[in-house]
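Participant: Provided herewith is a single structure, encoded as structure tokens, for subsequent inquiry.
The values are calculated or read from the model by the stated rules, or taken from the named source; none is laboratory data. Here the structure is a predicted model, which means the values were calculated and not measured. Glycine also receives a Cβ, built like all others from the backbone with ideal geometry; neighbour counts cover every protein chain displayed. With ligands, DNA and RNA removed, areas are computed over all heavy atoms of the protein, side chains included. Shrake-Rupley method; radii C 1.70, N 1.55, O 1.52, S 1.80 Å.
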Amino acid sequence: KSATRNWLVPLHQDLSIPVAGTPVAGQLDSDALRGWSRKDGSWFVQPPAQLLEQLVAVRLHLDACGPADGPLRVVPGTHREGIIAPRRALALRDAFGETECTLTRGDALVLRPLLLHASSKGNGHSRRRVLHFVFGPRELPCGLRWPEAAV
């Protein structure tokens, strides 16, 4: 985020993962896979909840992110609730509150993608550049493959 590129992200869970290859009819045929999409030349899909529960995301902050910079806000403990319907997400936020994740340059935030999270538009003048890495099991279900995998 910056003064010229600024956006808000409503309360949500990260339900899609990047995958290698192109979905071809019958090739990756599974009722467990939903929401195929293409973003910046890469394919994404919503895998089974059992896989999402195993993932860990690491957000490496290239810039400081203070209260005025639209930091990530999380609803503690919600990663243990599985996939959450939007109405229930709001109820959980109201019940448990949000924690604002302010960070300094070089800090890493480690979280489960199923954790409910959101962010506001920044009202400061700094940038909020973040590298977002997703880690999961080496083997994926349903014939899926990671686009990049550690050896």
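Participant: Which ranges mark the strands (runs of 3 or more DSSP E) fully within segment 26-87 that have 3 or more residues being closer than 28 Å to residue 103 by Cβ, open to solvent by less than 40 Å² (accessible area, probe 1.4 Å) and in contact with a strand residue (DSSP E or B) (Cβ under 8 Å, 6 or more places away or on another chain)?
Facilitator: 56-61
Participant: A follow-up question, please. Within segment 93-117, take every residue that is over 27 Å from residue 47 (Cβ atoms) and out of contact with any strand residue (DSSP E or B) (no Cβ under 9 Å at 6 or more places or on another chain) and give me the one that is most open to solvent (accessible area, probe 1.4 Å).
Facilitator: Filtering first and then ranking leaves 94.
Participant: So, one more: Mind telling me which of the residues 34, 112, 87, 59 ends up being out of contact with any Gly (no Cβ under 8 Å at 6 or more places or on another chain), basic (Lys, Arg) and more than 20 Å from residue 134 (Cα to Cα)?
Facilitator: 87
Participant: On to the next question. Could you please give the count of residues in segment 119-139 that are closer than 20 Å to residue 13 by Cβ and either at pLDDT below 90 or of a type in the set (Lys, Arg) (or both)?
Facilitator: The number of residues fulfilling the criteria is 1.
Participant: Ok, one more. Test residue 90 against the criterion of being in contact with a His (Cβ under 9 Å, 6 or more places away or on another chain), open to solvent by 30 Å² or more (accessible area, probe 1.4 Å) and not in a loop (DSSP other than H, G, I, E, B), and give yes or no.
Facilitator: Taking the combined requirement at face value, the residue does not satisfy it.
Participant: Pairs needed: first member in segment 100-126, within 21 Å of residue 85 (Cβ to Cβ) and touching a residue at least 24 places away in the same chain (Cβ under 8 Å); second member anywhere, open to solvent by 50 Å² or more (accessible area, probe 1.4 Å) and β-branched (Val, Ile, Thr); C-beta distance under 8 Å; at least 6 residues apart or different chains.
Facilitator: 113/134; 114/83
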